[in-house]
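A short worksheet on the structure shown next.
The values are calculated or read from the model by the stated rules, or taken from the named source; none is laboratory data. Computed from a predicted model, the values in this text were never measured in an experiment. Positions of Cβ are backbone-derived with ideal geometry, glycine not excepted, and every protein chain shown enters the neighbour counts.
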């Protein structure tokens with residue numbers, strides 16, 4: 001997400017380097033570049049005008065602090081204005097009501113409403129420790145009802161059954177009664193969508209809203225529709241008292257214009273952002289972190305939170321103690337690390353959140369793909385336990401057997417063993433207190449802005 005915008009903004013900042021002061025002259029071309037970058041990212045024109053006006057007002061004539069270059073000062077200004085236009089902070093769901101708290105999901109067909117209901121159910125269950133029930137009021141698409149039932153089973157929440165011959169209001173009221181009797185904290189309601197906005201659809205969802213009075217009404221919108229996402233959100237906001245927006249399919253949109261437009265046009269906060277197909281690929285929307293990612297500064301805080309949730313702390317501690325005692329780093333340890341990396345969303349997700357990741361060459365990104373990680377795991381799985389613990393015994397005939405067993409080539413096995421050997425050497429330096437030396441060696445190779 002935001003690849004194009006990040007690349008363009010990075011180029012504009014370079015032009016300001018070496019200047020002692022930001023002036024009208026040296027900022028004019030830069031602002032023009034920022035404007036073009038925002039428009040190409042499909043940000044709505046009123047939003048672009050507002051951002052540019054605010055940046056110009058703050059940037060022109062500003063004295064640059066001694067510790068900062070004009071480029072860095074400009075980045076800070078742009079960052080602040082991106083945060084301002086997207087909302088100052090993450091706005092959580094308001095579930096403070098007599099249970100069950102009813103959350104109504106609205107949106108066009110194909111926006112990912114049903115999938116988002118499943119993701120949100122998992123989020124509330126695992127991260128908020130809520131008991132959740134889901135129901136589908138989409139009587140026009142029996143497949144959507146079945147899909148939600150399947151998703152509910154996958155994420156481990158209760159599903160209230162419904163059918164195409166029922167009235168949507170009756171379905172939701174029945175679900176509320178069932179959720180109350182079962183002491184559920186939250187009821188998520190999936191509503192019918194259409195391929196376009198029409199009076200019939202709006203009338204039906206207004207009828208459901210009036211009957212059940214949900215505490216949250218979330219508009220689910222596809223980020224890949226760009227400016228149309230913001231315009232559709234405004235149409236729904238005019239018809240319904242929306243409390244927030246969920247931006248879906250953000251991982252498939254390199255432009256990111258919808259994220260910058262929705263809040264400004266509707267006045268409603270983006271509460272969640274969908275970043276993949278998996279049921280755990282839903283993140284709270286933090287404007288400051290998204291702005292940081294847009295400007296190529298990464299999102300280390302989200303990365304740390306993800307690691308806190310998904311890394312096996314017992315395994316990590318055992319590995320640390322093992323290395324400190326000088327017992328070595330074997331292929332079973334490497335496999336554990338690779339599996340945990342995939343569990344955190346894969347290499348693409350990690351790179352997206354690391355500072356300076358935009359400087360990584362495309363060739364390196366393609367090499368370090370999830371497919372390559374899975375291939376490495378398959379090769380390690382094809383080894384015997386003795387081979388994994390004592391990799392030095394892996395020679396010619398063993399390499400051929402491992403390659404055949406994992407469906408790879410001998411050169412793939414050789415490449416894995418070479419990478420492992422390099423990692424083992426690095427681990428030995430850790431065990432001998434060589435961390436400082438390693439950091440000094442890496443200093444010149446790290447992207448600008450890294451704290452070394």
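Out of the residues in region 119-153 that are under 24 Å from residue 202 (Cα atoms) and out of contact with any strand residue (DSSP E or B) (no Cβ under 7 Å at 6 or more places or on another chain), state the one that is surrounded by the fewest Cβ atoms within 10 Å (Cβ to Cβ).
That would be 143.
For region 263-287, give me each residue that is under 12 Å from the mean Cα position of the chain (by Cα) and assigned to a strand (DSSP E or B).
Hits for region 263-287 are 272, 273, 274, 282, 283, 284.
Residue check: is residue 395 loosely packed, with under 13 Cβ neighbours inside 10 Å, closer than 15 Å to residue 334 by Cβ and modelled with pLDDT of 85 or more?
no
Filter region 40-54 for residues that are within 19 Å of residue 266 (Cα to Cα) and assigned to a helix (DSSP H, G or I) and give the result.
45, 46, 47, 48, 49, 50, 51, listed by residue number.
Can you tell me which residues in region 129-161 are without any contact (Cβ under 8 Å) to a residue 12 or more places away in the chain and under 23 Å from residue 221 (Cβ atoms)?
Residue satisfying the conditions is 143 alone.
For every residue, the table says whether it meets (1) touching a strand residue (DSSP E or B) at 6+ places or on another chain (Cβ under 8 Å); (2) crowded, with 19+ Cβ neighbours inside 10 Å.
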position: 155; (1), (2): no, yes
position: 162; (1), (2): yes, yes
position: 172; (1), (2): yes, yes
position: 177; (1), (2): no, no
position: 208; (1), (2): yes, yes
position: 219; (1), (2): yes, yes
position: 222; (1), (2): yes, yes
position: 235; (1), (2): no, no
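Would a scan of region 321-332 turn up a residue that is under 18 Å from residue 423 (Cα atoms), modelled with pLDDT of 75 or more and part of a helix (DSSP H, G or I)?
yes
Could you tell me whether residue 408 is at pLDDT below 90 and part of a loop (DSSP other than H, G, I, E, B)?
Yes.
When you check residue 199 against the structure, is it modelled with pLDDT under 85 and under 26 Å from residue 88 (Cβ atoms), yes or no?
no
If you check 364, 360, which single one turns out to be at pLDDT below 55, surrounded by fewer than 11 Cβ atoms within 10 Å (Cβ to Cβ) and on the phi < 0 side of the Ramachandran plot?
That would be 364, the only listed residue that is at pLDDT below 55, surrounded by fewer than 11 Cβ atoms within 10 Å (Cβ to Cβ) and on the phi < 0 side of the Ramachandran plot.
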